[in-house]
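Participant: Pasting a structure below so you can have a look.
The values are calculated or read from the model by the stated rules, or taken from the named source; none is laboratory data. Just so it is clear, the model here is predicted, and its values are computed rather than measured. Note: ideal-geometry Cβ built from the backbone for every residue, glycine included; neighbour counts use all protein chains shown. What goes into the accessible areas is simple: the full protein's heavy atoms, side chains included, and nothing from ligands, DNA or RNA. Shrake-Rupley method; radii C 1.70, N 1.55, O 1.52, S 1.80 Å.
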Amino acid sequence: EANAVSTKYVNEHDYERILPALNSLGTESGDDSWFGLSKETSGSIAGPRVLLPLLYTCFHLLYDADGVVSRVSNKALKCVVTTCIERAKDEDLDELSRNSWIKFIETTFIPSLKIGIMTKDASIRRSFVLLFSHVARHFGDYDSVHLYGDLKSLIRDDDQDLDFFLNVTHVQLHRRARAFNRLRKTLTSSDEPLFSEQSYVNVLLPLAMHPIYEYSSKTEEAYVLEAIAAAGEICRHLPWSKYNNTLQTALNNLGRYPDQERFLIAMMCSIIDAFHFPVETGESADSATKTQGNGVWRSLKNRIIPKVESFLIKEKTDKSGATVKSLRPSVTLALMKLFQK
């Protein structure tokens, strides 16, 4: 029923069948709810894995252009989280059964959210971001980094104007810009990492990167600059492999997105400013630091610095058709700071 197709119109849903089916999933009880469908006919619990086809169907419908279908699917997916947390805390279930509902969120629900948060359509991405917020709110007391409960600190039920997830998906640009500004200040307020590596890499960093590539008008400039500053601060908390991948991606995309060149240069400089790794070129360091430091040094020497230096000179064509070369001050300053470290 959740995939019902109209017999009258091409490429249309059968709304009389699909909407009631999705609405029934969004209820907290009943035979057609998530928990009701996870039961066997004898009344015993079969477990959450039997729900996989329906779960992936609901995620697929989140990408649907029809707003009605996507909203009902979103409601059904929120109910999945509520059902799972209730089953995980149900003392009538044995430990294996309770853990199976948590694993269901970790191994199926969360990976689908991570894919959705990377989508380029902002309206679709909004649903996935708010679902991440929903998961973090309900699983904030769990230690598993794969449940992203540490992001609960960014949720403000008492004041929605300070809620990061609500504001970063807000229709108003200045609200989104303020969300990144507050995130950056939160990250700079402590020398210790406030979130797990998974939260930085899979949620916060992608959200900060999207505005850079989606810039389309001058009114978005302040918003994009706040996102760049937040991305740089996030990079201060990344391990070397993730930091290196992020910087390499920015460098490689400079030639692919000519319209966003100015902001990609700014992001590259922001990431370089966030460099925080030990570098050792000699033989005097202790073995642990020396191993990592030499690896970092080889990457800097052979790939990163030569690539960054290639963007030092900017070529322009003047009115007479002559090529004019100029130095990019921001790249020069970023390299100077990197050499000083």
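Participant: Which of the numbered conditions does residue 42 fail, given that it passes all the others? Conditions: (1) modelled with pLDDT of 65 or more; (2) more than 18 Å from residue 104 (Cα to Cα).
Facilitator: (1)
Participant: Using the structure shown, decide if residue 123 is within 25 Å of residue 179 (Cα to Cα) and free of Cβ contacts under 8 Å to residues at least 40 places away in the same chain. Show your work before the answer.
Facilitator: Numbers: within 25 Å of residue 179 (Cα to Cα): yes; free of Cβ contacts under 8 Å to residues at least 40 places away in the same chain: yes.
Yes; evaluated as a whole, the condition is true for this residue.
Participant: Looking only at the range 81-112, which residues are aliphatic (A, V, I, L, M) and either modelled with pLDDT under 90 or open to solvent by 10 Å² or more (accessible area, probe 1.4 Å) (or both)? Give the steps one after another, and end with the answer.
Facilitator: Narrowing the range 81-112 to residues aliphatic (A, V, I, L, M): 81, 85, 88, 93, 96, 102, 105, 110.
Once the filter is applied, which keeps residues that are aliphatic (A, V, I, L, M) and either modelled with pLDDT under 90 or open to solvent by 10 Å² or more (accessible area, probe 1.4 Å) (or both), the range 81-112 yields 85, 88, 93, 96, 102.
Participant: Taking the conditions exactly as written (in contact (Cβ under 8 Å) with a residue 24 or more places away in the chain, under 25 Å from residue 175 (Cα atoms) and among the charged types (D, E, K, R)), does residue 226 satisfy them or not?
Facilitator: So residue 226 fits the description; yes.
Participant: Ok, one more. Give me the helices (runs of 4 or more DSSP H) completely within the range 202-264, filtered to those with at least 2 residues that are at pLDDT 95 or above, buried (at least 19 other Cβ atoms within 10 Å of the Cβ) and among the aliphatic types (A, V, I, L, M), ordered by residue number. Walk me through how you get there before you give the answer.
Facilitator: Values: elements: 205-214, 221-235, 240-253.
Hits in the range 202-264: 205-214, 221-235.
Participant: Counting only residues that are under 12 Å from residue 19 (Cα atoms) and surrounded by fewer than 21 Cβ atoms within 10 Å (Cβ to Cβ), how many does the range 47-65 have? Before the answer, list the steps.
Facilitator: Start the filter on the range 47-65 by keeping residues that are under 12 Å from residue 19 (Cα atoms), which leaves 58, 61.
Then keep just the ones that are surrounded by fewer than 21 Cβ atoms within 10 Å (Cβ to Cβ); that gives none.
Qualifying residue count for the region: 0.
Participant: Quick one: in the range 83-115, which of the residues that are out of contact with any helix residue (DSSP H, G or I) (no Cβ under 7 Å at 6 or more places or on another chain) and among the β-branched types (Val, Ile, Thr) is nearest to residue 36 (Cα to Cα)? Even if it seems obvious, please write down each step before you answer.
Facilitator: Initially, the range 83-115 is screened for residues out of contact with any helix residue (DSSP H, G or I) (no Cβ under 7 Å at 6 or more places or on another chain), giving 86, 89, 91-92, 94-97, 99, 103, 107, 111, 115.
Narrowing further to those that are among the β-branched types (Val, Ile, Thr): 107, 115.
Values: 107: 21, 115: 28 Å.
The extreme case among them is 107.
Participant: Continuing with the same structure: Of the residues that sit in the range 29-39 and are at pLDDT 70 or above and under 17 Å from residue 72 (Cβ atoms), which one is surrounded by the most Cβ atoms within 10 Å (Cβ to Cβ)?
Facilitator: By that ranking, first place goes to 34.
Participant: Can you name the residue in the range 265-289 that is over 25 Å from residue 311 (Cβ atoms) and open to solvent by less than 60 Å² (accessible area, probe 1.4 Å) and, of all such residues, is modelled with the lowest pLDDT? It would help to see each step written out before you state the result.
Facilitator: Taking the range 265-289 first, the residues over 25 Å from residue 311 (Cβ atoms) are 278, 280, 282-289.
Next, from what is left, pick out any that are open to solvent by less than 60 Å² (accessible area, probe 1.4 Å): 278, 280, 282, 285, 289.
Values: 278: 85, 280: 76, 282: 61, 285: 49, 289: 52.
The selected residue is 285.
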